[in-house]
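The values are calculated or read from the model by the stated rules, or taken from the named source; none is laboratory data. Source: prediction; values computed, not measured. Positions of Cβ are generated from backbone atoms using ideal geometry, with glycine treated the same way; all protein chains shown enter the neighbour counts.
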Amino acid sequence: MSRSPGPSKTQYKEYERSARSAGFLELQLGDRRASLVCVVNPCNPTGDFMPLQEMKSWIEALGDCDHPHGVHVLVDESMLMWLGANWMEASLASQHDWLAAMAARSVLVFILHSWTKIWCCPGLRLGSCVCPTSHLAERVRSRQVPWSVNSPALAFLSAAIRDELYLARTWELTPQWNRSARDALREEFPGWAVHGPSWASWLWVDTGNAVTLTAALLLARGAGLPIRSGAAGYDHPTCFRMAVRAPEIIFALVAALKAP
């Protein structure tokens, strides 16, 4: 697998962990021998986002790899749903003819969606996978355990997909709260760099200093408003990831971070 598959400095680590457990050899970015490439778009945690045409071009370039069996590309779009009601237009899952054409070139693109995040149901672990061919979809199903989605999860899924008001409010409020959080951080901490799309449900913040990050983590935890360190796991000792929340919560967090 490619160890650094895209322009982001870091991304969600589960794919790297799984590849290691499966015995894959890790290769550096640009190594043409890679047979498996995993990319998260939008990138969690950095917020880097490649629009549809840019992502397609990037994947098409992988077709020139030197692996005799082609390349498998896993694209995790789990945070894309926050883009808005037309998010599917920005998803590779909408590109049926292109996916088939890439499969003919031995570039097999699998698109992964976690529904757990957009519906705030972490205990249920709902997700889906779009496969490049029906044959490969059947192969994936053949390895899926029968109890991977239980009855309560199916009942929740049935109710959630009908709750159009919930998604409408999510798409309305998240950009507003994102902007409010950015403004609050920039006003109080002008030296910090705030990254991520204006519609995302989280921000990636670079404090520029490892000591500052350590202090921020302790202050946020003490206020009962924890933020996630970029040092542990991601190897970014000056950065943290924070959720986009209602302004009163963000103001409380900012106030805590200002404490002497």
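Residues in the stretch 213-243 that are part of a helix (DSSP H, G or I) and surrounded by fewer than 16 Cβ atoms within 10 Å (Cβ to Cβ): 5 in all. Given the conditions (1) modelled with pLDDT of 95 or more; (2) closer than 20 Å to residue 78 by Cα, report the number of the one that residue 234 does not fulfil. Single failed check for residue 234: (1).
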